[in-house]
Structure formats: C-alpha cells, structure tokens
Amino acid sequence: MLAPGATPMPQTARLTVRSVLDAVDVERRYRNGRGVGPMTLHVTCGERVAVMGPNGAGKTTLLRILATGVRPRRGVVRWYGTTSPRRARRLLGFAPDVIVEEGALSARQSTYFWCRQWMSSVEAGGFVDDALTQFGLHDVADEPVSSFSFGMRRRLGLAQALVHRPRLALLDEPTAGLDPEGVDSLIEALRERAQRGHPTIIATNDCDFVGAACDRVLFLDDGALVWDAAPSELLQWLGSRRVAELEVPPQFSTDALQAIDGVGDISREDGIVRLELLDDRALADVVTVADGSAGGLHGLRLHTPDLGDAFRNLTGRSLRARKPDTHTNNG
C-alpha cells in the first residue's frame, strides 16, 4: 500500500507483448496472515525482473509458487502455456536462499547430478563445464563441496540452477555472500539469458545489483504488489536530490531539522534519520543542528536516491524493515 501522503508515481504503460509466465490472482496466505496476494503478474521473453520488499513482504512465497514448490490457495499460474506444475518443472531453474550442502561430492559431480535431470550424459558434461567456468569454479571443480566457503557454495548453487539453461530461472537472494567478482559473473549470466530470450525473476533487496542487472522492478509490501516499473523510471521519478542519513541517539529530536530551509521530507528508523536535501547548502545547518542536539551526531552518510528510497517514499517503510513474526515460509 502507498504510504499516507505519498505522491503516486505515474506508471509507464507497457507494450502488449505475449507473456511466457502468467500468474493471475494468485494468493497464498499463512495462519499469521503473512504470505502473498492476491496478485497478477505477467513476464515476457528475456525480462530480468527484481522482486523487492522487506522481510515478510512475500518475496520468497511468490518465488516458491512460481517454482511449483507450493500451490497457491487461489488463482492460476501458467508457464509457457501449461498450468501443470509437473510439466513446468522441466522448464524451470530455481536457486533457493539456502546454501548447497552436498559435502561428500565434488562441485563437478554435484552439478552433473543436477544437469542429468534435464539432459543426456553426453550433453551434460559440456554444460557442467560451462556453468562452473561461468561462476569461477572451474579450478576447484573436482574439490569436495565440504571444503567450499559460503560464497563458493553460493556460486555453486547458482551454477546448478542455471546449468541446464532453463526457460525460466527463479533466484532467491542470489547476491547474499557473493564477492564483487561473483556478482559480476551473475550479472553476465543474466545478460546472456536475456539475449536467449529466457526470463529471470530475482528476489533481492540489493539495490546496486538491481540497478545493474534488472530491467524491471516489482515492489511488494505486506504480500501486495505496490509498484511495477523499470529501475530507471523509479530513479527518474525520485530526481537527483541528495539524501542525508544521520546516525543519532534515541533521545534525538527532529523538530529543529524540520525548521531548516532547504530540508525536505524527514523519516526515522532504527537510529537513522533520513532527510532530503532540497538545497545542498542546507547540509552545513543540518550538521550544526544535529551535532548540537542532545546526544550529538554519531555519523553522517550522503547518497543520491536509490531504489530503497523509492520504496520508502511509496510505502513509508524501509526495505530492511523486519516484522516481529518471522514465519520461515513467507519471505
């Protein structure tokens, strides 16, 4: 839902293109009310779609529905024309947010096992080599997975999800634990998939990654789809005004900040006060007022608006927000 007082962003009308994934009025709610839907989503060939939202917004539940891991309570999902989950699984690649634990096998053996579910042994060998090389694991392909670091296991999970070149890939928090080289490998893999016309849906709150890798962003909040746009559209809507983040103590009051000329919207969350600078010259007054207040100023960060700011402006909540109840199946 839009935050009270939030200015609706005009959404650009999308060209009518034949979709390859259709989720119509899908809903899956748990006893605690968390989950996702009802929601309608259409994805076309080659799209790289990011699903963003705080913990509990429904990102993981949506991916599990699309990956046939759970059935929606209502609604229908159509994958490349079929509504059969059994047939759809032949078309999918899924990387959950858990880490590969096949410690007794080598990376090559483990990936080969996955690949053989989709193709012959003759074909699988080359596909396995390509996938391991893509994610920088070729030199350790014959080492046991038990010797791998967290980041290496994350790379292996991505290689296994994409090894058979699925028509549709679903990746849950794929950049968690990846170093910059691993992120670059993932971005390149998604670019190659897009060139082949194969769409990818990624659940992530990594704003930098989304800006570099995705051409469409879905914002989820409380299981509802609140916005659907290209990253560039969201950032253009925000404008180029800088955002100041002040690290402050609990007793800090924002009243004096609101009186400063050149300061726009102010929000507060988890010891961080965020304010929009309508005029960069206001920054000096902001620092003076904050540092002279009770408890003082503990830290300052400046940045240009990003997708996290767009989500906050639309919903009044942070992408990092957590809710007290953390059901394991509703992320």
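The values are calculated or read from the model by the stated rules, or taken from the named source; none is laboratory data. Computed from a predicted model, the values in this text were never measured in an experiment. Glycine gets a Cβ as well: all are built from the backbone with ideal geometry, and neighbour counts include every protein chain shown.
Worth a mention:
- Residue that is nearest to Ala212 (Cα to Cα) [pool: residues in segment 289-309 that are touching a residue at least 24 places away in the same chain (Cβ under 8 Å) and part of a helix (DSSP H, G or I)]: Leu307
- Residue satisfying condition, being basic (Lys, Arg) and within 22 Å of Phe113 (Cα to Cα), within set Arg196, Arg165, Arg191: Arg165
- Test result for Glu245, touching a residue at least 12 places away in the same chain (Cβ under 8 Å) and at positive phi: no
- With respect to (1) surrounded by fewer than 18 Cβ atoms within 10 Å (Cβ to Cβ); (2) not in a helix (DSSP H, G or I), the lone exception for Leu220 is condition (1).
- Under the condition of being surrounded by fewer than 16 Cβ atoms within 10 Å (Cβ to Cβ), among the hydrophobic types (A, V, I, L, M, F, W, C) and part of a strand (DSSP E or B), the residues counted in segment 61-118 number 1.
- Total residues in segment 36-60 satisfying the condition of being buried (at least 20 other Cβ atoms within 10 Å of the Cβ) and touching a helix residue (DSSP H, G or I) at 6+ places or on another chain (Cβ under 6 Å): the figure is 5.
- Scanning segment 1-35 for residues that are under 26 Å from Arg74 (Cα atoms), modelled with pLDDT under 95 and either buried (at least 18 other Cβ atoms within 10 Å of the Cβ) or of a type in the set (Gly, Ala, Ser) (or both) returns Ser19, Arg29, Gly33, Arg34, Gly35.
- Members of segment 258-278 that are of a type in the set (Asp, Glu) and more than 24 Å from the chain's Cα centre (by Cα): Asp261, Asp265, Glu276
- Test result for Gln236, part of a helix (DSSP H, G or I) and loosely packed, with under 15 Cβ neighbours inside 10 Å: yes
- Matching residues, segment 270-290, being more than 18 Å from Leu238 (Cα to Cα) and exposed (fewer than 14 other Cβ atoms within 10 Å of the Cβ): Asp270, Gly271, Arg281, Ala284, Thr288
- Restricting Trp237, Trp227 to those that are aromatic (Phe, Trp, Tyr), closer than 22 Å to Val24 by Cα and either touching a residue at least 24 places away in the same chain (Cβ under 8 Å) or in contact with a Pro (Cβ under 8 Å, 6 or more places away or on another chain) (or both) reduces the list to Trp227.
- Among the residues of segment 109-144, just one is touching a Cys at 6+ places or on another chain (Cβ under 7 Å) and farther than 18 Å from Arg90 by Cβ, namely Val128.
- The one condition in (1) farther than 22 Å from Leu186 by Cα; (2) at pLDDT below 95; (3) touching an Asp or Glu at 6+ places or on another chain (Cβ under 8 Å) that Asp97 fails to fulfil: (1)
- Enumeration of residues in segment 154-167 that are over 19 Å from Asp129 (Cβ atoms) and surrounded by fewer than 22 Cβ atoms within 10 Å (Cβ to Cβ): Arg167
- Matching residues in segment 187-205 - criterion: being more than 14 Å from Asp97 (Cβ to Cβ) and either in a helix (DSSP H, G or I) or of a type in the set (Ser, Thr, Tyr) (or both): Ile187, Glu188, Ala189, Leu190, Arg191, Glu192, Arg193, Ala194, Gln195, Thr200
- Among the candidates Glu173, Glu181, Glu192, residue that is out of contact with any helix residue (DSSP H, G or I) (no Cβ under 9 Å at 6 or more places or on another chain) and not polar (S, T, N, Q): Glu181
- Options Ala159, Ala176, Ala169; residue that is among the small types (Gly, Ala, Ser), closer than 27 Å to Pro54 by Cα, touching a residue at least 40 places away in the same chain (Cβ under 8 Å) and part of a loop (DSSP other than H, G, I, E, B): Ala176
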